[in-house]
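Okay, structure first, notes after.
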Amino acid sequence: MKYALFPGCAAKGATPELYASTMKVVGRLGLDIVELEAFNCCGAGVITEADPDLAYTLNARTLATAEKMGINNVMTICGTCQGILGGANKNLQEDEALRERINRALKDTTGLEYHGTVEVKHLQWILVKDFGVDELGKFITHPLHVSIAPFYGCYILRPSRATGFDDWENPTSLEKLIRAVGAYPVEYDGRTKCCGFPVLLEKDQISLSMVAQNVGEAKEKGSDAMVTPCPLCHMSLDIYQERAEDRLQQEHPDQTLGVPILHLPQLLGLAMGFSPKELGMKRHLVSPAPLIEKIQ
Amino acid sequence: MRVKITVQKFNPEVDQKPYPRDYFVEASRGMTLLSALLKIKAETDGTLTFRASCRAAICGSCAMQVNGSQKLACKLPLKEELEHHGKIEVGPMANMPVIKDMVVQMNPFWEKVRAVDPFLMTKDGAEVPTEALKDLHEKLHNADGCILCGACVSACTAYEVSSGFLGPAALAKAYRFQADPRDQAHLPRLEALQGPDGIWDCVRCVFCVQVCPKDVRPMEQIVRLRRLSIDAGFSDSVEARHITEFTKVVGKEGRLNEALLPVLMTWGNIKKMLRIIPLGIKMFFHGKTPFPFKRVPGADQVRAIFKYWEKAK
Ligand code: SF4
Ligand code: SF4
Ligand code: SF4
Ligand code: SF4
Ligand code: FES
């Protein structure tokens, strides 16, 4: 199966380690990938807040570009991109009047047209569904034997009407991948909750409470690290973890956080024998050193 | 079929903390969770406490947590739930204090709904004499479908960490009146929603959309309120600028630059800017600040798309 890779702005911007580790892992697995070089932002749900038609047209451009290349599977590596691009795709496929109106704008501005033949799938789904966990197991040369807390984030699960891959109430795909790399999935409530990213700058008291709560819970349950399929979750759980710890300690002075946060391909990459350096782990703000020591 | 139902029992007057109790019911075909609970109450344990009235997903009183998610007991087929989860665990809604078993204190919920002035008003706050309006239903985007069950508030992740937040139900209600052309108090109602516990607290986690039994999609109504706010001129806040500056950056560059956005959002707000600078420096040293204004292929097409919709509106 051929996939058109939609990297998303985050992997090409503030979390370049996600892009690097993805390329390492999909290369090793031999997935057939063409990158959408001239991709545009999916809008992250924010452009929708300004103008839904605009957001639809931007996403229709992405879908139509893949379609024109003769590829009907778009691969995302960002949970938010998956939710937004995948959700837009679903509506464009189902609502003919919408598709017509958006196509008029798309044709007029780019000459492209979207016929609704593309499927949008996150790498996480591709590995579980298309590639298969057993097949993946054959590439695991360095089983990890550590406890990993899965953090799904919002958009890869909800709304289930648009995503529909995993069970939104009790998802299992990340757990399957954690087991496939020889690690142990941690059970905790926070795994399907929100990381607080969308309001980090304007309502940091809300976001930091969410980071503190989710990371704190994962730590309490004995996690050596957390893994997420979304670079925005990564930013909030990694970059803002120290600040969340400060906030936590105002009430509970003895509590500490310090839980390394991994992008999904980094977790897979470590178990395939790539070095932390190759996977860009020096770019994390929370040091992954304790985890790396434990797996070596 | 004999079904085990595990209920989280709690009577704050006598119990130190909630505890689980197992009940067994002979489930008939198509039996709902509510019918099972009523049967248990009648035959096994008269102290089992929950709210219910219409038994038809209309009155909104029987919302509770079933296997960790918010559901209406009267709308939930026991067998389906059992097949899906392999168990039936029932407890009270979250984010609300428990009075007894599944009965929660809903006063804060009602106060918040009241706080958005959920009625048609004149500019001075008097009630508008109502007249039926043709085609009203489509204008309201189903915000009028709410049965005030509280499921969305119980699932809301922003509410969980910030109990002052007006919450999805009250805000969906606010939109219902903002969208009604007969209402004459759009501006004051919108203004009241700009405050610290208003529309900008929502983190867009989609839980409310997912759990609502009436497809009210509160988050989508909140997004509409945000758009109305910006259009009405409430556009200078850091919150509003998140939307407008994000959109502008993508309109120019084709993509988002996460290092640039915080600067544009907080521009002119010294206090907020000072808070982001130390983190910005740390991010820089970890290679997390992409160089702004690197030419992005495809940006011309993106700019054309932006221009098209600017002209159309
Ligand atoms: S999630 Fe980010 S930032 Fe990413 S492509 Fe989608 S919007 Fe652009
Ligand atoms: S609210 Fe309506 S449907 Fe529910 S019990 Fe009362 S009368 Fe019946
Ligand atoms: S989307 Fe917003 S209102 Fe709805 S549950 Fe999440 S935070 Fe609450
Ligand atoms: S919006 Fe939906 S979930 Fe929330 S109170 Fe109304 S009916 Fe219940
Ligand atoms: S009993 Fe009325 S909604 Fe369930």
**Message:** Any residue in segment A:276-291 that is at the interface with another protein chain (Cβ under 10 Å from one of its Cβ atoms) sitting within a Cβ distance under 8 Å of a residue that is aliphatic (A, V, I, L, M)? List the pairs, counting only those 6 or more apart or interchain.
**Reply:** A:Gly280/A:Leu18; A:Gly280/A:Ala20; A:His284/A:Ile261; A:Leu285/A:Ile239; A:Leu285/B:Met283
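Between B:Leu274, B:Leu261, which is facing another protein chain (nearest Cβ under 9 Å) and either surrounded by 14 or more Cβ atoms within 10 Å (Cβ to Cβ) or at pLDDT below 80 (or both)?
None of the others qualify; the one that does is B:Leu261.
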**Prompt:** For B:Glu81, which of the numbered conditions (1) part of a strand (DSSP E or B); (2) under 31 Å from the mean Cα position of the chain (by Cα); (3) not hydroxyl-bearing (Ser, Thr, Tyr) fails to hold?
**Reply:** (1)
**Asked** Which of the following residues is open to solvent by less than 40 Å² (accessible area, probe 1.4 Å), outside any helix (DSSP H, G or I) and within 14 Å of chain A (Cβ to nearest Cβ): B:Arg204, B:Arg226?
**Response** B:Arg204
**Message:** For the list (1) within 15 Å of ligand 1 (Cβ to nearest atom); (2) closer than 28 Å to B:Met283 by Cα, I need the number of the one condition that A:Ala55 fails.
**Reply:** (2)
**Fill in**
Result of the Cβ filter at 7 Å on segment A:238-251, keeping first residues that are among the polar types (S, T, N, Q) and partners that are in a helix (DSSP H, G or I), at least 6 apart or interchain, is A:Gln241/A:Val211; A:Gln241/A:Val215
**Item:** Options B:Glu89, B:Glu138: the member that is under 30 Å from B:Pro18 (Cβ atoms) and open to solvent by 30 Å² or more (accessible area, probe 1.4 Å)
**Value:** B:Glu89
**Matching residues in segment B:41-55 - criterion: being open to solvent by less than 50 Å² (accessible area, probe 1.4 Å) and either hydroxyl-bearing (Ser, Thr, Tyr) or over 32 Å from the mean Cα position of the chain (by Cα) (or both)** = B:Asp45, B:Thr49
**Message:** Tell me the residue from B:Ala151, B:Ala172, B:Ala143 that is within 14 Å of chain A (Cβ to nearest Cβ) and either hydroxyl-bearing (Ser, Thr, Tyr) or open to solvent by less than 30 Å² (accessible area, probe 1.4 Å) (or both), please.
**Reply:** B:Ala151
**Members of segment A:155-208 that are more than 24 Å from A:Lys121 (Cα to Cα), more than 7 Å from every other protein chain (Cβ to nearest Cβ) and assigned to a loop (DSSP other than H, G, I, E, B)** = A:Gly182, A:Ala183, A:Val186, A:Glu187, A:Tyr188, A:Leu200
**Request:** Just one of (1) within 14 Å of another protein chain (Cβ to nearest Cβ); (2) open to solvent by 10 Å² or more (accessible area, probe 1.4 Å) trips up A:Ala105, so point out which.
**Result:** (2)
**Message:** Anything in segment B:60-92 that is near ligand 5 (Cβ under 10 Å from one of its atoms) and within 11 Å of chain A (Cβ to nearest Cβ)? List them, or say none.
**Reply:** B:Lys71
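The values are calculated or read from the model by the stated rules, or taken from the named source; none is laboratory data. Keep in mind the model is a prediction, meaning the values are calculated, not measured. Every residue, glycine among them, receives a Cβ derived from its backbone with ideal geometry; neighbour counts consider all protein chains shown. Quick note on the areas: whole protein, heavy atoms, side chains included, nothing else; ligands and nucleic acids left out. Shrake-Rupley method; radii C 1.70, N 1.55, O 1.52, S 1.80 Å.
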